[in-house]
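Here is the structure we will look at.
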Amino acid sequence: MRALPYGDRAVLLELADAEAVAALAAALLDGRPDGVEEIVPAARTILVRFDPRRVTASHLAERLARINLAPIAEPARAADPVVIPVVYDGADLEDVARLADLSVDAVVQRHTAARYRCGFCGFAPGFSYLIGGDPVLRVPRLDEPRAQVPAGSVAIAGEFSAVYPVASPGGWRLLGRTDARMWDLARASPALLPPGTAVRFEAIRAGA
Amino acid sequence: MIEVLAVGAGATIQDLGRPGFAALGVTRSGAFDVGAAGLANRLVGNSAGAATIEIVLGGLAIRLGHAATVALTGAPCVIGSEPSGGGRGWGAAMTLPAGTVLSLGQPRRGLRSWLAVRGGIDAPVTLGSRSTDTLGRLGPEPLRPGARLPIGSDIDGDVPGLDYSPGAALTDVAAVPVQPGPRTDWVDAESLRQLWTVAWTVRPDSDRVGIRLDGPGIAWARAAELPSEGVLPGAIQIPPDGRPIIFGPDAPTTGGYPVVGVVPAAGLAALAQVRPGDTVRLRPA
């Protein structure tokens, strides 16, 4: 783990991979260390904002480096996944099949067979970056992002899968759509898939 | 109850924001200058977390449904109060009778002002805050003429006996301190020196999400793509076109371009006041 400077109120921790980020983020979000005010897990890093009156960056980084991550990752892997029902009729499904050199059915099969976990949220409230997808389905973002992607769109880009929580601009490739509500302020936990959540996609027919 | 009659270039409700939810993709929000908004609250005896109105380029007009004590801080505007005409102090509490129409002119310098009402604006609370998040669309809608705002009870004591409290002097050139950021090695070292030497111009598409600067581009040193990483208000990001963006209170929680410096909280106060066309000078803190 490497600690990079981020002003005097935060430190950016760089970890080996998305799995290590997920494990450390789970530990930090479970019980925020003394003086820590905000934790922002991302693809390879965790940004930790702290109260400089209570803790220093180097002291904090030292303490976090000592956390043993192996026992933390296991329970998350074993948890029952949240199942997201998807109608696989996305606008980019055929392009993804072509890029991955697969049939459309094989893309759906691989996307539903994988076991995902939310690595982090970002971009919009409740937009969860899901890791653990099939490496064969790693496709680049669109060259030109769409001005409007409908809420509930199920999409992939790079190593991630995601569901757009609200209609927004977006450059990910659309595989399908779901009625699952990613973000609902009426729920005690508004994000359906907070960091660490186990997730699986399930193919359903339109209108089902 | 306050009735909004006019909003000028725009106005939102802001308190201290909603920290602690960045891991769910929720931006911090809150007053762009928490110091100035906090001063307005203290001037009317409010608690620190009371919601204020953040006003862009003056132009706000409100009618008081009942007698109220208010205070204005930030970029000074001419204050009109009809029909009584009483109490015209910037940076001081004014107690005005029911029916008063309070209206603001445009500030000569600066951009943002804050109006506190004793008791605070009682907008609905979302994730612990009454702030409008202009990026994630959380919290109350930006104010519109016709909006009716109830007054709350976020009071922390009596109205202090104070005639005037000076705000920070506003100048044509904003001098902004910058602390080290994590990705200086992603940009060309020679090119990065321009961060300190260039008189950067504020672009018109600047807002609460970020202050966008114009000037000679800062070149990337790598062709690779940086995986998304956490972003905080004050972070200075260098997008592919090389023109820095300094993130504001409604910054996204993650971003995919290198962050080369971070403006500390105190520096955000100066950035809250820059207008399109103004000059920003960055200096190492």
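The values are calculated or read from the model by the stated rules, or taken from the named source; none is laboratory data. Treat the numbers as computed from the prediction; the structure is a model and nothing was measured. No Cβ is skipped: glycine too gets one built from the backbone with ideal geometry, and neighbour counts run over all protein chains shown. Ligands, DNA and RNA are excluded from the accessible area calculation, which covers all protein heavy atoms including side chains. Shrake-Rupley method; radii C 1.70, N 1.55, O 1.52, S 1.80 Å.
Of all the criteria given as (1) within 14 Å of chain A (Cβ to nearest Cβ); (2) under 17 Å from the mean Cα position of the chain (by Cα); (3) of a type in the set (A, V, I, L, M, F, W, C), the one not satisfied by residue B:143 is (1).
Answer yes if at least one residue in the stretch B:180-195 is more than 14 Å from every other protein chain (Cβ to nearest Cβ) and either closer than 30 Å to residue B:39 by Cβ or in a strand (DSSP E or B) (or both), and no otherwise.
Yes, there is a match, as at least one residue in the stretch B:180-195 is more than 14 Å from every other protein chain (Cβ to nearest Cβ) and either closer than 30 Å to residue B:39 by Cβ or in a strand (DSSP E or B) (or both).
Of all residues in the stretch A:184-202, those that are buried (at least 21 other Cβ atoms within 10 Å of the Cβ), among the aliphatic types (A, V, I, L, M) and part of a loop (DSSP other than H, G, I, E, B) total 1.
Residue by residue through the stretch A:120-132, note down the ones that are more than 10 Å from chain B (Cβ to nearest Cβ) and either modelled with pLDDT of 95 or more or part of a strand (DSSP E or B) (or both). Answer for the stretch A:120-132, where residues must be more than 10 Å from chain B (Cβ to nearest Cβ) and either modelled with pLDDT of 95 or more or part of a strand (DSSP E or B) (or both): A:130, A:131.
Taking the stated definitions as given, is residue B:116 touching a residue at least 60 places away in the same chain (Cβ under 8 Å), of a type in the set (A, V, I, L, M, F, W, C) and in contact with an Asp or Glu (Cβ under 9 Å, 6 or more places away or on another chain)? Answer is no for this residue.
Across the stretch B:246-266, which residue is farthest from the other protein chains (Cβ to nearest Cβ) among those that are surrounded by fewer than 22 Cβ atoms within 10 Å (Cβ to Cβ) and not in a loop (DSSP other than H, G, I, E, B)? Once the filter is applied, the top-ranked residue is B:266.
Residue A:132 meets the stated requirement of being in contact with a strand residue (DSSP E or B) (Cβ under 7 Å, 6 or more places away or on another chain), open to solvent by 20 Å² or more (accessible area, probe 1.4 Å) and of a type in the set (Gly, Ala, Ser). Just the residues that are free of Cβ contacts under 8 Å to residues at least 24 places away in the same chain and outside the structural domain of residue B:59 (by TED's automatic domain parsing), please, taken from the stretch B:126-168. Once the filter is applied, which keeps residues that are free of Cβ contacts under 8 Å to residues at least 24 places away in the same chain and outside the structural domain of residue B:59 (by TED's automatic domain parsing), the stretch B:126-168 yields only B:161. Looking only at residues in the stretch A:24-53 that are among the small types (Gly, Ala, Ser) and touching a Gly at 6+ places or on another chain (Cβ under 9 Å), the one that is nearest to residue B:263 (Cα to Cα) is A:42. Would you check if residue B:227 is open to solvent by 10 Å² or more (accessible area, probe 1.4 Å), in a loop (DSSP other than H, G, I, E, B), out of contact with any Leu (no Cβ under 9 Å at 6 or more places or on another chain) and assigned by TED's automatic domain parsing to the domain that holds residue B:179? So residue B:227 fits the description; yes.
The strands (runs of 3 or more DSSP E) found wholly in the stretch A:1-115 and carrying at least 3 residues that are open to solvent by 40 Å² or more (accessible area, probe 1.4 Å) and more than 10 Å from chain B (Cβ to nearest Cβ) occupy A:82-86.
Hey, does the stretch B:17-32 have a residue that's of a type outside the set (Asp, Glu), more than 14 Å from chain A (Cβ to nearest Cβ) and open to solvent by 20 Å² or more (accessible area, probe 1.4 Å)? Steps first, answer last, please.
Initial filter on the stretch B:17-32 (of a type outside the set (Asp, Glu)): B:17-32.
Keeping just the survivors that are more than 14 Å from chain A (Cβ to nearest Cβ) gives B:31-32.
Then drop every residue that is not open to solvent by 20 Å² or more (accessible area, probe 1.4 Å), which leaves none.
For the stretch B:17-32, residues of a type outside the set (Asp, Glu), more than 14 Å from chain A (Cβ to nearest Cβ) and open to solvent by 20 Å² or more (accessible area, probe 1.4 Å): absent.
Of the residues making up the stretch B:170-208, those that are of a type in the set (Gly, Ala, Ser) and either more than 19 Å from residue B:277 (Cα to Cα) or crowded, with 18+ Cβ neighbours inside 10 Å (or both) are B:174, B:181, B:189, B:191, B:206. Residues in the stretch A:135-183 that are in a strand (DSSP E or B) and polar (S, T, N, Q): A:148, A:153, A:161, A:168. Which residues, taken from the stretch B:237-277, are among the polar types (S, T, N, Q) and over 18 Å from residue B:26 (Cα atoms)? Across the stretch B:237-277, the qualifying residues are B:237, B:273.
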